[in-house]
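Working notes, beginning with the structure itself.
Here, each number is a calculation from the coordinates, and none is a lab measurement. No experiment lies behind these values; they were computed from the predicted model shown. Cβ atoms come from the backbone with ideal geometry, glycine included; neighbour counts cover every protein chain shown.
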Amino acid sequence: MPLTFDDLVLRARALPKGGRRAVLGIAGSPGAGKSTLAEHLVRRLNGLGDPWVAHVPMDGFHLADVELERLGRRDRKGAPDTFDAAGYAALLRRLREERSEDIVYAPGFERVLEQPVAGAIPVPATARLVVTEGNYLLLDTGAWARVRSEIDEVWFCELPERERIRRLVARHERFGKSHEEAVAWVRHSDERNAELIATTRGRADLVVPESALPRVEA
């Protein structure tokens, strides 16, 4: 039987054990549906009773444009070295350790501004599952290698390349780029990153096929 979204819901629901908070990671190339899957999972799981699942995307750890300019990396925004990977790993560890804090604040990402926003996502002590998603959860180089050890399970979203690129171009257009600018950015930056991300697929605990991904309106 092919994997379904309902199967994913059941698998995610079973991750927290013995009263301990669990972290679920969703990885994949740009445009593969990571955020959509995370949002649908959180909505479904929280709809089963009192909210107990939090969504903490990796995107909040983008370096700000002013720092990318200083480093000479602005034209490669989205590459592994344009994120604070060590900070991301530290937050995941803090979430897993569950000290006495009533609430932990995580950074978010404003897509219209294309900038990180500090303290945008509250994770209450009542959250038993944290769903995090991003491109490089399975990367095993540099500070990224610390990330995987802080996640209980990582799923890899897999979408046919033609559809993935179509969605990616449409997303860039939706947030202000012209069609020509969106296509150029995908070819120059996103696809270079996608090639690297594809090499991490084999480290995933589960590969999520298109059939199990929530439908996305055109």
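Below, the figures for the structure above:
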{"read-out": "Out of Ala120, Ala106, sole residue that is more than 22 Å from Ser149 (Cα to Cα), part of a strand (DSSP E or B) and out of contact with any Asp or Glu (no Cβ under 6 Å at 6 or more places or on another chain)", "value": "Ala120"}
{"read-out": "Qualifying residue in the range 30-49 (condition: of a type in the set (S, T, N, Q) and in a loop (DSSP other than H, G, I, E, B))", "value": "no"}
{"read-out": "Residue count, the range 140-150 (criterion: within 21 Å of Phe109 (Cα to Cα) and in contact with a Ser or Thr (Cβ under 8 Å, 6 or more places away or on another chain))", "value": "0"}
{"read-out": "Counted residues, the range 1-29 - those being at positive phi and either assigned to a strand (DSSP E or B) or surrounded by 14 or more Cβ atoms within 10 Å (Cβ to Cβ) (or both)", "value": "1"}
{"read-out": "Cβ-Cβ under 7 Å pairs, at least 6 apart or on other chains, the range 102-118 side touching a residue at least 12 places away in the same chain (Cβ under 8 Å), far side basic (Lys, Arg)", "value": "Val104/Arg94"}
{"read-out": "Single condition Leu95 does not satisfy, out of (1) free of Cβ contacts under 8 Å to residues at least 40 places away in the same chain; (2) over 22 Å from Leu213 (Cα atoms)", "value": "(1)"}
{"read-out": "All positions within the range 80-107 that are of a type in the set (A, V, I, L, M, F, W, C) and surrounded by 17 or more Cβ atoms within 10 Å (Cβ to Cβ)", "value": "Phe83, Ala85, Ala89, Leu91, Leu92, Leu95, Val104, Ala106"}
{"read-out": "Positions within the range 132-160 being assigned to a helix (DSSP H, G or I) and surrounded by 14 or more Cβ atoms within 10 Å (Cβ to Cβ), in sequence order", "value": "Trp144, Arg146, Val147, Arg148"}
{"read-out": "Within the range 149-178, tally of residues that are of a type outside the set (A, V, I, L, M) and touching an Asp or Glu at 6+ places or on another chain (Cβ under 6 Å)", "value": "1"}
{"read-out": "Whichever residue in the range 162-188 is acidic (Asp, Glu) and surrounded by 12 or more Cβ atoms within 10 Å (Cβ to Cβ) and, among such residues, is farthest from Asp75 (Cα to Cα)", "value": "Glu163"}
{"read-out": "Among the candidates Arg128, Arg93, Arg99, Arg111, residue that is within 21 Å of Phe175 (Cα to Cα) and not hydrophobic (A, V, I, L, M, F, W, C)", "value": "Arg111"}
{"read-out": "Number of the condition not met by Gly60 [criteria: (1) surrounded by fewer than 17 Cβ atoms within 10 Å (Cβ to Cβ); (2) in contact (Cβ under 8 Å) with a residue 24 or more places away in the chain]", "value": "(1)"}
